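Here is the structure we will look at.
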Amino acid sequence: MAYFQPEMETMPQEQLRKLQSERLVKQVRHVWDNVPYYREKMEAKGVTPDDIHGIEDLHKLPFLCKDDLREAYPHGLRGMPLSDCVRIHSTSGTTGKRVVAFYTQHDIDLWDDCCARALVAAGATKEDVCQIAYGFGLFTGGAGLNGGSHKVGCLTLPMSSGNTDRQLQFMTDLESTILCCTPSYAAYLAESIHERGIRDQIKLKAGIFGAEAWSEDMRRDIEDKLGIKAYDIYGLTETSGPGVAFECSEQTGMHINEDHFIAEIIDPDTGEVLPEGSKGELVFTAITKEAFPLLRYRTRDICILTRGKCSCGRTFVKMCKPMGRSDDMLIIRGVNVFPSQIETVLIQQGYSANYQIIVDRVNNSDTFEVMVEMNPEMFSDSLAKITKAEKELVNALKAMLGIAAKVKLVAPKSITRSEGKAVRIIDKRKI
């Protein structure tokens, strides 16, 4: 079994807890001394660094959420002098102020290590050609996997997202073996490869796909079309970027890099810490980050943590694929709806993963429509056949969601393809 840093990735539980406790105590003192914004939150809760002796005291610390990050923008949560910071990354800023995260060189080195672990877990060695088709720039995806690929020693193709013709040219000419991008773009590349009839020229063996929610059905679909093993990766700008957690060959959840991040699951309504195996909101504490050392950051991602023995030998706790988010899930007519549920139904019914959800409010009542591309062979079907197929999808979606949706089958390729993050939801109630 290959590991990038076996001494950490296979560390015995007791030793790991001791390391986490030591790093937490040190980090709390660092934040207290250097981040006045968070120190004030601690003081308001009546907590000082002297109250934190190890991870058993983590629950005493106050939470941070995205509103705090916006309020503290741009420098309020920075934990190091600007002269020691060498880079920033930023969120998209689609709902208010951008979140700006700072990095020292030490932070970047540790982030590269985390991404290298993910690549090695997917089978990467210095003999591989790693094609990075995540966006570069303020987005963390490209930079994180690029750094990890360098650490492993792969020949790295820093393609960024988009320009599919060039992506496929380099993929075939340089015989890329590992693809890193969003799952929706992987599906688009697979579709483009099929259209061009170049499947036999593709040498890919693995893909590392993140930055979007994607279902097990979509994973199988991508694996079948590209002839690869598809691995999930998790991260967010606030805690460094991709590489916070990654899948191993077992593909039964993502190992969290616990020597750098402590994970908790809480009740999103009460903030109460839930026992292992419970479904709730994921919270992270970064215990090695210098420049942006967030403590108890509420990710809003809903998932489950499990610590069973893994066949890969790694001892890090696993998180399941996020089951949605506590802040951007759709509430339609009082029912919680996650796009991943809709995606599962579509793929099970034989449709592509290219769809859009349109929600509106008419006469104080929610409307709910799902636009789905027809398969090419359906396009010539009679109106009666198409209407029947729409009704079948309506029934399948209602069985999954417990709520009726209007389904509209549209022409192949009529929904805009994405070369970055796919725009799946148009919620006109917010406009």
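For segment 1-147, what does the alpha-carbon gyration tensor say about shape, rounded, prolate or oblate, given a ≥ b ≥ c as the root eigenvalues, a/c under 1.5 as rounded, and a/b over b/c as prolate? Cα axes put segment 1-147 in the oblate bin.
The translational diffusion coefficient of segment 237-357, from Stokes-Einstein at 10 °C and 1.306 mPa s with a Kirkwood hydrodynamic radius over alpha carbon pairs, comes to 100 µm²/s. Overall, segment 330-430 carries a charge dipole of about 300 debye about its Cα centre when +1 sits on the Cβ of Lys and Arg and -1 on the Cβ of Asp and Glu, all other atoms neutral.
For the chain, the 222 nm mean residue ellipticity estimated from helices alone, with every DSSP H stretch of n ≥ 4 adding -39500 (n - 2.57) and the total spread over all residues, rounds to -10000 deg cm²/dmol. When the chain is treated as a GNM, springs tying every alpha-carbon pair under 10 Å, which of GLY197, GLY277, GLY243 comes out with the largest mean-square fluctuation? Comparing GLY197, GLY277, GLY243 in a Gaussian network model of the chain, the most mobile one is GLY197.
Over all distinct alpha-carbon pairs, what is the Kirkwood Rh of segment 302-431 in angstrom? This gives a value of 16.6 Å.
Net charge near ASP224, counting Lys/Arg +1 and Asp/Glu -1 over other residues with Cβ under 15 Å of its Cβ? Local charge sum for ASP224: +1. Across CYS310, CYS114, CYS130, mean-square fluctuation computed from a Gaussian network of the chain (C-alpha pairs under 10 Å connected) peaks at CYS310.
Taking the chain as a Gaussian network, where each spring joins two C-alpha atoms under 10 Å apart, which residue of ARG325, ARG23, ARG333 fluctuates the most? In this elastic network of the chain, the residue with the biggest mean-square fluctuation among ARG325, ARG23, ARG333 is ARG333. Under the rule a/c < 1.5 gives rounded, and otherwise a/b versus b/c splits prolate from oblate, where does segment 278-337 land using the Cα gyration tensor? The shape class here is oblate.
Over segment 1-326, the ratio between the Cα radius of gyration and 2.2 N^0.38 Å evaluates to 0.99. Compute the Cα gyration tensor for segment 131-236, then decide on rounded, prolate or oblate, letting a ≥ b ≥ c be the square roots of its eigenvalues: rounded whenever a/c is under 1.5, prolate when a/b is larger than b/c in the other cases, and oblate in all that remain. It is oblate, given that a/c is not under 1.5 and a/b is not larger than b/c. Beta-bridge orientation, the chain: approximately 60 percent antiparallel, per DSSP, counting only bridges with both partners inside.
Values in this text are rule-based calculations from the coordinates and carry no lab data. If you're wondering where the values come from, they're calculated on a predicted model, not measured in any experiment. Every residue, glycine among them, receives a Cβ derived from its backbone with ideal geometry; neighbour counts consider all protein chains shown.
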